[in-house]
Structures are given as C-alpha cells and as structure tokens.
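Just below is one structure, and these are the notes that go with it.
The values are calculated or read from the model by the stated rules, or taken from the named source; none is laboratory data. What you see is a predicted model, and the numbers here were worked out from it, not measured in a lab. Every residue, glycine as well, gets a Cβ built from its backbone with ideal geometry; the counts of neighbours run over all protein chains shown.
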Amino acid sequence: MGATITLDFITHRFRAGGAPTLENIDNRIEAGERVALIGRSGCGKSTLLHMLAGLLLPSEGCVRVNSHQVTKPSAKWNMMFQKPSLYPWMSVQENAALGLLFAGQPKQEASARVSELLDKVGLHDKKDVNVQSLSGGQQQRVALARSLATDPEVLLLDEPFSALDAFTRSALQEDVPAICGARGITMVIVTHDIDEAITMADRVLIMSQNPGRIVSELKVDLPWPRNSSSQEFQTLRNELMQRFRDTDDGLSGRKSQPEPAVRRVV
Ligand SMILES: Nc1ncnc2c1ncn2[C@@H]1O[C@H](COP(=O)(O)OP(=O)(O)OP(=O)(O)O)[C@@H](O)[C@H]1O
Ligand SMILES: [Mg+2]
C-alpha cells in the first residue's frame with residue numbers, strides 16, 4: 001500500500017545565505033496518488049525529488065511520509081534517476097533482482113518475480129545477458145523493473161523515459177501508472193513533457209523557477225489509459241500550456257524562454 005507524502009513548507013538553499021532554489025513548497029500527496037511535477041530545466045524538480053527520497057534535507061521545512069519526518073532514504077521508497085545506475089558486471093536478471101535479494105527474498109522467488117517484470121518492460125529475451133551489452137533505453141528498463149520488483153510504497157521517477165524510443169516510452173507511460181494504480185503505490189514523476197504528465201498522473205503540479213515554487217496544480221480527471229487524441233486530453237494540454245505562460249508572465253513580465261516540450265505520444 002502506498003504512503004502519504006507531505007511537503008511541509010520546504011525552502012532550500014544550496015549555499016547558506018544564498019538565494020533559495022526551492023521556496024515554501026507546501027503540498028500533500030495522497031497514498032496511491034500519481035503526481036507529475038513539471039517545470040523548466042533548472043527550476044528544482046530533481047532537488048525536490050531527492051528530498052522526497054531522503055537523499056537531501058531541506059534548509060527549512062520538512063518532508064513527511066505517513067506523518068514521519070524523512071531524514072534518510074528508506075528501502076520502501078524507490079527512486080529511478082535520469083540515468084540508470086546498474087552493476088556493469090551483472091546480468092539483467094541479477095541487476096533487477098538486487099532489491100529483492102537485499103530484502104532477504106529467496107533467490108528462486110526473486111527470479112520469478114523479476115522475470116515477470118522483465119517481460120512487462122520488454123526484456124524477455126535479454127534476461128541472461130550482461131547489462132553492458134544493452135542500449136541506454138534497455139538499461140533504463142532494467143532499472144524500472146528493479147524499482148518495481150520490491151513493491152515500494154513510493155516510486156519516484158526523474159525523467160525516466162527520456163532515453164527511450166517513442167514506442168517503448170509510450171508503452172511504459174501506460175504501464176507504470178497502471179502498475180502503481182493496481183498496487184496502490186504512490187508515484188511522483190518529474191518531467192518536462194506535458195503529454196507525459198497528463199498520460200501518467202492523477203494530478204499535475206507546475207513549478208516556477210528562481211525560486212522553485214509550486215505555483216499551480218491541475219487534476220487530470222480522465223479515464224485510464226489516457227487517450228492523447230481525445231478532446232478532453234487536448235483541453236487539458238492547452239490549459240497546462242496556458243498556466244506555464246501565466247507563470248512566466250507573472251514572474252518576469254515577458255516570455256523570455258522557449259516553452260516546455262509538448263509531444264504527442266505515438
Ligand atoms: N549540489 C548542488 N549544489 C549547488 N547547486 C545545485 C546543486 N544541485 C542542483 N543545484 C542547482 O539547483 C537548481 C535546480 O537544480 P535541479 O537539478 O533540481 O533542476 P531540475 O529542475 O531538475 O532541472 P532539469 O530539468 O534540467 O533536470 C539549478 O540551478 C542547479 O544548478
Ligand atoms: Mg532534473
């Protein structure tokens with residue numbers, strides 16, 4: 001079962017006395033909710049996700065998971081980074097099973113569980129090969145199977161699909177929220193991609209930059225799996241784009257930067 005995450009007035013400065021990278025981030029993510037965090041490059045999305053994972057402590061405020069203050073990482077929360085971190089001397093199957101083995105699961109059970117997930121992420125014919133012989137996108141899928149194998153309470157994803165081809169990305173954009181939904185895993189995904197956010201989330205949080213704040217949020221009340229060519233999807237896409245423009249106008253009085261990526265899922 002997923003966990004509730006509370007962001008309690010988080011402010012963060014990388015340098016004491018310097019300008020805040022994050023300011024007054026205040027939000028609550030319900031157990032089992034799937035949330036997308038979108039914002040421009042450098043606005044502080046990864047910084048915030050690292051805080052949710054317990055990898056970084058805020059200068060002010062705190063993160064609470066099920067009311068307990070997060071002060072260090074937990075085996076119950078898994079994070080997938082922009083680049084996969086795999087052990088290069090191990091096979092696909094061994095890498096994917098690591099979390100389960102660390103948690104004390106017998107090797108045979110771990111193998112069966114991981115095998116099922118590797119099928120799901122399209123690596124059924126790669127289980128015994130060394131991860132070094134895989135492409136970047138295939139390696140990222142191993143990392144995803146490993147993240148899901150332990151049935152985490154919370155799954156944190158930092159632009160996990162940026163290295164994948166369009167077809168695999170599209171399949172995983174549908175599969176990952178479905179798996180999280182079926183198991184009640186609380187999911188937070190960081191992305192630049194508005195379509196990805198609408199495809200994967202129950203709610204989208206929009207961040208401003210300098211300092212990073214959550215300036216707007218939008219509920220995605222569409223049936224699963226999401227249909228990116230539906231009228232309702234397009235309406236939400238336009239609404240999110242408009243909110244981005246409003247954020248920029250509100251902050252700087254002009255649209256000084258390129259708009260975030262808008263890509264139809266193929
Ligand atoms: N360890 C650090 N020390 C100092 N500054 C940092 C550190 N990590 C990140 N920053 C700065 O904090 C800001 C936010 O960085 P962060 O990586 O969270 O952005 P992001 O929104 O994830 O960007 P992107 O979309 O490009 O991944 C950036 O200006 C970055 O340079
Ligand atoms: Mg980042």
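What the table below lists for this structure:
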| quantity | calculated |
| --- | --- |
| Single unsatisfied condition, Leu55 versus (1) within 16 Å of ligand 1 (Cβ to nearest atom); (2) over 30 Å from Met241 (Cα atoms); (3) over 18 Å from the mean Cα position of the chain (by Cα) | (3) |
| Sole exception among (1) more than 16 Å from ligand 2 (Cβ to nearest atom); (2) in contact with an Asp or Glu (Cβ under 7 Å, 6 or more places away or on another chain) for Phe81, by number | (1) |
| Residue match in the range 72-83 (condition: of a type in the set (A, V, I, L, M) and farther than 23 Å from Thr199 by Cα) | yes |
| Subset of the range 176-209 that is touching a Lys or Arg at 6+ places or on another chain (Cβ under 9 Å) and in a loop (DSSP other than H, G, I, E, B) - its residue that is modelled with the lowest pLDDT | His192 |
| Unique match (being among the hydrophobic types (A, V, I, L, M, F, W, C) and farther than 20 Å from Gly184 by Cα) among Leu155, Leu148, Leu101, Leu144 | Leu101 |
| Hits in the range 121-173 (condition: of a type in the set (Asp, Glu), at pLDDT 90 or above and within 20 Å of Thr199 (Cα to Cα)) | Asp158, Glu159 |
| When residues of the range 206-225 are limited to those that are among the β-branched types (Val, Ile, Thr) and under 18 Å from the mean Cα position of the chain (by Cα), the one farthest from ligand 1 (Cβ to nearest atom) | Val220 |
| Qualifying residues in the range 129-160 (those that are in a loop (DSSP other than H, G, I, E, B) and under 15 Å from Ile179 (Cβ atoms)) - the one farthest from ligand 1 (Cβ to nearest atom) | Asp151 |
| Some residue of the range 91-106 being modelled with pLDDT of 95 or more, part of a helix (DSSP H, G or I) and touching a Pro at 6+ places or on another chain (Cβ under 8 Å) | no |
| Count of residues meeting criterion [of a type in the set (Ser, Thr, Tyr) and within 16 Å of ligand 2 (Cβ to nearest atom)] in the range 40-70 | 3 |
| From the options Leu37, Leu22, residue that is in contact with a His (Cβ under 6 Å, 6 or more places away or on another chain), within 15 Å of ligand 2 (Cβ to nearest atom) and in contact (Cβ under 8 Å) with a residue 12 or more places away in the chain | Leu22 |
| Inter-residue pairs, beta-carbon under 6 Å, first touching a residue at least 12 places away in the same chain (Cβ under 8 Å) and among the hydrophobic types (A, V, I, L, M, F, W, C) and in the range 153-164, second within 14 Å of ligand 1 (Cβ to nearest atom) and assigned to a loop (DSSP other than H, G, I, E, B), 6+ apart | Leu156/Ala53 |
| Checklist (1) surrounded by fewer than 20 Cβ atoms within 10 Å (Cβ to Cβ); (2) more than 23 Å from Val220 (Cα to Cα); (3) of a type outside the set (D, E, K, R); (4) near ligand 1 (Cβ under 10 Å from one of its atoms) applied to Leu22, failing item | (1) |
| Number of the exception - Gln242 against (1) touching a residue at least 40 places away in the same chain (Cβ under 8 Å); (2) away from ligand 1 (no atom under 16 Å from the Cβ); (3) closer than 27 Å to Ile10 by Cβ; (4) surrounded by fewer than 17 Cβ atoms within 10 Å (Cβ to Cβ) | (1) |
